[in-house]
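Please treat every number below as a calculation from the coordinates, not as lab data. Just so it is clear, the structure is predicted and the values come from calculations on it, not from any experiment. Cβ coordinates were reconstructed from backbone atoms using ideal geometry, including for glycine residues, and neighbour counts include every protein chain displayed.
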Amino acid sequence: MMSILAEVRKETRPWHDKMEEVARSDKIAAGTLSIAEYKAVILGHYVFHQQAEKRLKANELLKITQGLQLDERFKTPSLLQDMRQLNMEPLIFDFCPDLHLDTLPRALGCMYVMEGATLGGTVIGRYLQKVPEITSSGAMHYYGCYGDQTGKRWKQFKEIVEREVSTEDEGQAFVHAATVTFRQYAECMERAFQQLEITATR
């Protein structure tokens, strides 16, 4: 039987690829992301995390999940720092993700996407270091926010998922929530680029 983590990777692959596309991962890897595009990327992350983390905080079962250390995994403070250093605060936006994280499997499904993005962010952070306009802004708090704890926290999270998502119904809820999260995350990113009136250039 396929493990729940292998299943969620398979089922969310199209949306993972979509997320990379809308977040301009190709330009990040090429070192050609502009500061204006970086602002849109940070805004997309910020809007998504602000709303998702609000819902995660309200999940009582998530708060008491052994080994999760939920508060240490919130990224909104780091993203807010980046917004401030990019002179983007206060910024009014009229979009937010529609997430329903009322059960533990659903909450963990959402966190799977967020924690995976943090893991991938270590690579993105290294690419961004090659863009002087971005590094000189000092707005690099989100990418690499776990520091040398990134690998350890990802391993801990995977162990929690394998322990807490054990039935077929829980697995379905977990995978569904991860899929919806990817879709909502990608939509937030697209809306951020639209709000800042940045068009795709190739």
Restricting everything to alpha-carbon atoms, can you work out Rg to Rh for the stretch 48-165 with a Kirkwood hydrodynamic radius?
0.99
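Where does the charge balance sit around Arg13 when Lys and Arg score +1, Asp and Glu -1, over other residues with C-beta under 14 Å from its C-beta?
Working: positive: Arg9, Lys10, Lys18, Arg183; negative: Glu7, Glu11, Asp17, Glu20, Glu21.
Counting the neighbours of Arg13, the net charge comes to -1.
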Mind checking which of Ala36, Ala107, Ala139 has the largest fluctuation in a GNM of the chain, springs on alpha carbons under 10 Å?
Ala36
In the calculated pair distance distribution of the chain, what percentage of Cα-Cα distances lie above 32 Å?
13 percent
With no solvent and one equal point scatterer per Cα, compute the Debye intensity ratio I(q)/I(0) for the stretch 135-177 at 0.18, 0.22, 0.33 Å⁻¹ and report its log10, rounded to two decimals.
-0.67, -0.78, -1.04
Mean-square fluctuation check for the chain, GNM, Cα pairs under 10 Å: which of Thr76, Thr12, Thr167 is largest?
Thr167
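Explain nothing, just the number: dipole magnitude of the stretch 73-202 about its Cα centre with +1 on each Lys and Arg Cβ and -1 on each Asp and Glu Cβ, in debye rounded to the nearest 20.
Numbers: 14 positive and 17 negative charges, 119 e Å.
The dipole of the stretch 73-202 has a size of about 580 debye.
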Going by C-beta contacts inside 10 Å, put Leu5, Leu33, Leu62 in order with the fewest on the left.
Leu5, Leu62, Leu33
Which order do Lys39, Lys10, Lys18 fall in if you start with the one that has the fewest other Cβ atoms within 10 Å?
Lys10, Lys18, Lys39
If you add up the charges near Ala139, with Lys and Arg at +1 and Asp and Glu at -1, over every other residue whose beta carbon is less than 9 angstrom from its beta carbon, what do you get?
+1
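Ranking Trp154, Trp15 by Cβ neighbours within 10 Å, fewest first, what do you get? Could the numbers behind the result be given before it?
Details: Trp154 16, Trp15 19.
Ascending number of Cβ neighbours within 10 Å: Trp154, Trp15.
What net charge is computed for the residues neighbouring Ala36, neighbours being all others with C-beta under 14 Å from the C-beta of Ala36, Lys and Arg scored +1, Asp and Glu -1? Don't skip to the end; give the middle numbers.
On the way: positive: Arg24, Lys27, Lys39; negative: Glu37, Glu133, Glu197.
Neighbourhood net charge equals 0.
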Residue-by-residue Karplus 3J(HN,Hα) for the stretch 8-13, coefficients 6.51, -1.76, 1.60, Hz, glycine and proline x:
5, 4, 5, 6, 9, 3
